[in-house]
Structure formats: structure tokens, C-alpha cells
Amino acid sequence: MTGDRNQRETHLRIERGFHAPVEDLYRVWTTPEDLVKWAWGSLGKDVTAEVDLRPGGHYRIETSRPDGSRWSFSGKYLEVVPRKRLVTTVTWHPPMKYESPGEKVTVEFHPLGRQTTVVFTHEGVPDADARKEHIRGWQNTFDHVERLLEAAEPT
């Protein structure tokens with residue numbers, strides 16, 4: 001039973017539908033020009049993004065905080081299947097509140113015509129409290145993805 005409880009505390013899964021084709025969703029997840037518009041959600045200010053989109057390639061996304069500090073996370077692409085699946089490691093850099101060895105994010109893109117369902121899995125979250133914060137944060141960033149896609153829709 002401990003293993004089940006531990007997985008519930010250290011893994012999260014979010015499934016969300018978007019009114020956009022899979023190509024658009026994949027693009028906003030993989031291009032620096034789009035990542036800077038949503039990757040930190042409402043915390044994002046002066047966001048920068050670096051992407052080397054290939055298995056073994058690295059990424060880094062950074063934002064400014066009101067106190068002038070810079071917060072960032074980075075990782076390595078473990079799997080890149082265009083318009084279908086991305087798997088990355090995640091490392092949170094100081095001054096974040098915890099170390100995160102072994103965190104991994106999987107993003108799956110499931111197209112249905114001009115709509116796409118994203119299945120997002122974040123594994124290796126340190127504990128239940130961090131899991132709650134991650135869920136809140138990822139939901140916020142997904143709201144920003146949705147706004148970005150809506151703004152790009154032709155009128």
C-alpha cells in the first residue's frame with residue numbers, strides 16, 4: 001500500500017482538450033517563441049527559452065521575479081516524437097524551494113480533427129505538498145496555452 005500512496009503523492013496527470021490542431025499544440029510546446037508566452041503562466045515576466053529539440057537535447061526556461069531574482073527550470077529531451085509525444089527530465093534551479101532529482105514530464109498529443117487532447121504526466125514530484133503546487137501551476141500554464149492558441153485563431 002505504501003507504493004500506491006507514494007505514487008499518488010509524487011505523480012500527477014492532467015488531461016486537457018484544446019480547440020486547436022495537433023500541429024499548433026506541438027509548436028507551442030517546442031518553439032522558444034511560443035514557450036516564452038506561456039511556460040511560467042501568470043508568474044511569467046521577461047521569460048526566456050532555449051530549446052534543442054532532439055533526443056539528448058536540452059531546454060531551459062527562465063523568468064524574472066518581482067524581487068529581481070531569476071527562476072528557471074531545465075532538462076533533457078529523452079524522447080521526441082513530432083506531434084505525438086515529448087518526454088523530458090526536469091530540474092528546478094535555485095532559488096526554488098526544493099531539489100528534484102528524477103522528475104520527468106511526458107506530454108502526449110492526441111488529435112481529433114481540429115481539436116487536440118493533451119495528456120500531461122509529471123513524475124517524481126518530491127511530496128504531496130509539492131504535487132498540489134505543481135497541479136495548480138500546470139493548470140495555470142495550460143490556461144495560458146489556451147489563451148495563446150485562441151489569440152492565434154483566424155477571425
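The table for this structure:
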{"quantity": "Total residues in the range 10-55, condition aromatic (Phe, Trp, Tyr), in contact with a strand residue (DSSP E or B) (Cβ under 8 Å, 6 or more places away or on another chain) and farther than 15 Å from Arg85 by Cα", "calculated": "2"}
{"quantity": "Pick from the range 92-109, criterion open to solvent by less than 60 Å² (accessible area, probe 1.4 Å) and touching an Asp or Glu at 6+ places or on another chain (Cβ under 8 Å), ranking: nearest to Thr10 (Cα to Cα)", "calculated": "Glu103"}
{"quantity": "Boolean, Arg54 is open to solvent by 50 Å² or more (accessible area, probe 1.4 Å) and modelled with pLDDT of 95 or more", "calculated": "yes"}
{"quantity": "Conditions (1) more than 18 Å from Arg27 (Cβ to Cβ); (2) touching a strand residue (DSSP E or B) at 6+ places or on another chain (Cβ under 7 Å); (3) surrounded by fewer than 16 Cβ atoms within 10 Å (Cβ to Cβ): number failed by Glu62", "calculated": "(3)"}
{"quantity": "Condition broken by Glu153, with the remaining ones in (1) modelled with pLDDT under 90; (2) closer than 17 Å to Glu23 by Cα; (3) open to solvent by less than 70 Å² (accessible area, probe 1.4 Å) satisfied", "calculated": "(3)"}
{"quantity": "All positions within the range 111-138 that are in a strand (DSSP E or B), over 17 Å from Lys84 (Cα atoms) and either out of contact with any Asp or Glu (no Cβ under 8 Å at 6 or more places or on another chain) or without any contact (Cβ under 8 Å) to a residue 60 or more places away in the chain (or both)", "calculated": "none"}
{"quantity": "Residue within the range 22-35 that is loosely packed, with under 15 Cβ neighbours inside 10 Å, in a strand (DSSP E or B) and of a type in the set (Val, Ile, Thr) present", "calculated": "no"}
{"quantity": "Residue under evaluation Ala39, criteria (1) modelled with pLDDT under 90; (2) among the small types (Gly, Ala, Ser); (3) more than 24 Å from Leu149 (Cα to Cα), criterion not met", "calculated": "(3)"}
{"quantity": "Options Thr89, Thr141: the member that is in contact with a Gly (Cβ under 7 Å, 6 or more places away or on another chain), surrounded by 14 or more Cβ atoms within 10 Å (Cβ to Cβ) and without any contact (Cβ under 8 Å) to a residue 40 or more places away in the chain", "calculated": "Thr89"}
{"quantity": "Boolean, Leu86 is modelled with pLDDT of 95 or more, of a type in the set (A, V, I, L, M, F, W, C) and in a loop (DSSP other than H, G, I, E, B)", "calculated": "no"}
{"quantity": "Checking Arg60 against (1) at pLDDT 95 or above; (2) under 12 Å from the mean Cα position of the chain (by Cα); (3) within 18 Å of Phe120 (Cβ to Cβ), the condition it does not meet", "calculated": "(3)"}
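The values are calculated or read from the model by the stated rules, or taken from the named source; none is laboratory data. Since this is a predicted model, take the numbers as computed values, not measurements. Quick reminder, even Gly has a Cβ in these numbers, built from the backbone with ideal geometry, and neighbours come from all protein chains shown. Surface accessibility is based on the protein's heavy atoms, side chains included, excluding ligands, DNA and RNA. Shrake-Rupley method; radii C 1.70, N 1.55, O 1.52, S 1.80 Å.
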